[in-house]
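Colleague: Quick one: structure below, then a few questions.
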Amino acid sequence: MKSLIVVFVFLFISSDSFSQSEEGLVKWLTVKEAQDLNKKQPKPFLIDIYTDWCGWCKHMMKTTYSNPNIAAYINQFFYPVKFNAETKDTIEYNGKIYKPTSPNPKTPHELAIKFLGTSLSYPSTIFVSNNFEYNLLSQGYLEEKKIEPLLVYTVENVYKSSSYDDFAAQFNHTFYDTIFAKKPVKTYSLKEIEKLQKKAPKKVLINIFAGFCNSCKVQNATTFKDTTIANYINKHFYLMNFDAESNDTIMFRGEKCFKTLVNGYPLHTLALKATNNRLQFPTIAVLDDKQNTLDALNSFLTPATLLPILKYYAEDKYKTSSWADYIKAYNEQKK
């Protein structure tokens, strides 16, 4: 399997040809440098927690962090920090001061204890959101296949709507599990939907994705092909898959929609109109049978989280009940 990270146009390079530098290809920063840069341009942090005596830490530098695709993704979307868990430096992190616990060698720094608690094992990698509100800790050596979902999960804010275990399972189904059972879901063009609406009106889902969005690929390959989800969509909705980078000109709500620059990036105006300008990736726009937007679901959704949302709109519960009341009742029925 070629490396997943597709934001960059790189040829896959086997591990035998990776740089053998002890620093790898990642452009490492200090804790202070990362925080200073984050004040000017927010990005999540990737903090590699190591010790000088840790052999697996060195091996990870020579393998995972020397993979040009992995390193390029980290360099663009993270502030990568190398942190020696036994440093004798005083460090300020997120407004607090952390010091060495002892002048003796091989003793943990206060910041290492903050990150790792009593489980002081190395290497450890912590992924931190740019506002310091979310931390995801992974302990042990991370090969390429293990670090990829962690990177995407953090960069694309999947942590806001899905647990890591759920996302990682669907990620692996998408890119590495060739025996994952899939149920076909029917998809239509906008013109086909407009014709079908005249005979059999249904609500519409516009699944909006882009080539640079890795969580979109996971959602398309798993959530939309889950048997329960596919059956429910086929029965109650017309689904349109839409690439937000499409070059096509499309009529929508009586207006021509086309690709144009949006904040300096070429995106299709249909994606904006269908979501009432609430576009993120991935997004599912929920429309009624008259093409009026009911909602824009701006997050990665697992089958379990998408199903009650589909029912909420397909069964017109949104007309009589708030989402908070509906999902509370829905969850109580499942107990």
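The values are calculated or read from the model by the stated rules, or taken from the named source; none is laboratory data. Computed from a predicted model, the values in this text were never measured in an experiment. Glycine gets a Cβ as well: all are built from the backbone with ideal geometry, and neighbour counts include every protein chain shown.
Colleague: Residues of the stretch 29-40 being within 15 Å of residue 89 (Cβ to Cβ) and either among the charged types (D, E, K, R) or surrounded by 15 or more Cβ atoms within 10 Å (Cβ to Cβ) (or both), which ones?
Modeller: If we filter the stretch 29-40 for residues that are within 15 Å of residue 89 (Cβ to Cβ), which is where we start, we get 29-35.
Once the filter is applied, which keeps residues that are within 15 Å of residue 89 (Cβ to Cβ) and either among the charged types (D, E, K, R) or surrounded by 15 or more Cβ atoms within 10 Å (Cβ to Cβ) (or both), the stretch 29-40 yields 29, 31, 32, 33, 34, 35.
Colleague: Consider residue 188 against the criteria (1) closer than 19 Å to residue 305 by Cβ; (2) surrounded by fewer than 20 Cβ atoms within 10 Å (Cβ to Cβ): it satisfies all of them except one. Which criterion is unmet?
Modeller: Tallying (1) closer than 19 Å to residue 305 by Cβ; (2) surrounded by fewer than 20 Cβ atoms within 10 Å (Cβ to Cβ), residue 188 fails exactly one: (1).
Colleague: Give the residue, chosen from 232, 238, that is in the same structural domain as residue 290 (by TED's automatic domain parsing), among the hydroxyl-bearing types (Ser, Thr, Tyr) and touching a strand residue (DSSP E or B) at 6+ places or on another chain (Cβ under 6 Å). Outline the logic, then answer.
Modeller: Numbers: 232 fails: touching a strand residue (DSSP E or B) at 6+ places or on another chain (Cβ under 6 Å).
The conditions single out 238.
Colleague: Would it be correct to say that residue 136 is at pLDDT 95 or above, more than 19 Å from residue 30 (Cβ to Cβ) and not in a loop (DSSP other than H, G, I, E, B)?
Modeller: Working: at pLDDT 95 or above: yes; more than 19 Å from residue 30 (Cβ to Cβ): yes; not in a loop (DSSP other than H, G, I, E, B): yes.
Considered against the rule, which asks whether it is at pLDDT 95 or above, more than 19 Å from residue 30 (Cβ to Cβ) and not in a loop (DSSP other than H, G, I, E, B), residue 136 comes out as yes.
Colleague: Which of the residues spanning the stretch 197-238 are assigned to a loop (DSSP other than H, G, I, E, B), crowded, with 17+ Cβ neighbours inside 10 Å and at pLDDT below 95?
Modeller: Correct list: 222, 226.
Colleague: Any idea which residue in the stretch 109-133 is nearest to residue 78 (Cα to Cα), counting only those that are of a type in the set (A, V, I, L, M, F, W, C) and assigned to a helix (DSSP H, G or I)?
Modeller: So in the stretch 109-133, the residues of a type in the set (A, V, I, L, M, F, W, C) come out as 111-113, 115-116, 120, 126-128, 132.
Keeping just the survivors that are assigned to a helix (DSSP H, G or I) gives 111-113, 115-116.
Values: 111: 20, 112: 20, 113: 23, 115: 18, 116: 20 Å.
Here the residue is 115.
Colleague: Considering only residues that are surrounded by 14 or more Cβ atoms within 10 Å (Cβ to Cβ) and part of a loop (DSSP other than H, G, I, E, B), which ones fall in the stretch 310-335?
Modeller: 321
Colleague: Condition first: buried (at least 22 other Cβ atoms within 10 Å of the Cβ), assigned by TED's automatic domain parsing to the domain that holds residue 151 and over 30 Å from the mean Cα position of the chain (by Cα). Can you find one or more residues in the stretch 109-123 that meet it?
Modeller: Yes: the stretch 109-123 contains one or more residues that are buried (at least 22 other Cβ atoms within 10 Å of the Cβ), assigned by TED's automatic domain parsing to the domain that holds residue 151 and over 30 Å from the mean Cα position of the chain (by Cα).
Colleague: Taking the stretch 41-74 only, how many residues are exposed (fewer than 15 other Cβ atoms within 10 Å of the Cβ) and within 23 Å of the chain's Cα centre (by Cα)?
Modeller: Here the count works out to 2.
Colleague: Might you check whether a residue that is in the same structural domain as residue 113 (by TED's automatic domain parsing) and without any contact (Cβ under 8 Å) to a residue 40 or more places away in the chain occurs anywhere in the stretch 54-61?
Modeller: So in the stretch 54-61, the residues in the same structural domain as residue 113 (by TED's automatic domain parsing) come out as 54-61.
Of the ones still in play, those that are also without any contact (Cβ under 8 Å) to a residue 40 or more places away in the chain are 55, 58.
Checked the stretch 54-61: at least one residue is in the same structural domain as residue 113 (by TED's automatic domain parsing) and without any contact (Cβ under 8 Å) to a residue 40 or more places away in the chain.
Colleague: Would you say residue 133 is surrounded by 14 or more Cβ atoms within 10 Å (Cβ to Cβ) and either over 27 Å from the mean Cα position of the chain (by Cα) or acidic (Asp, Glu) (or both)?
Modeller: On the way: surrounded by 14 or more Cβ atoms within 10 Å (Cβ to Cβ): no; either over 27 Å from the mean Cα position of the chain (by Cα) or acidic (Asp, Glu) (or both): yes.
Against the criterion (surrounded by 14 or more Cβ atoms within 10 Å (Cβ to Cβ) and either over 27 Å from the mean Cα position of the chain (by Cα) or acidic (Asp, Glu) (or both)), residue 133 does not qualify.
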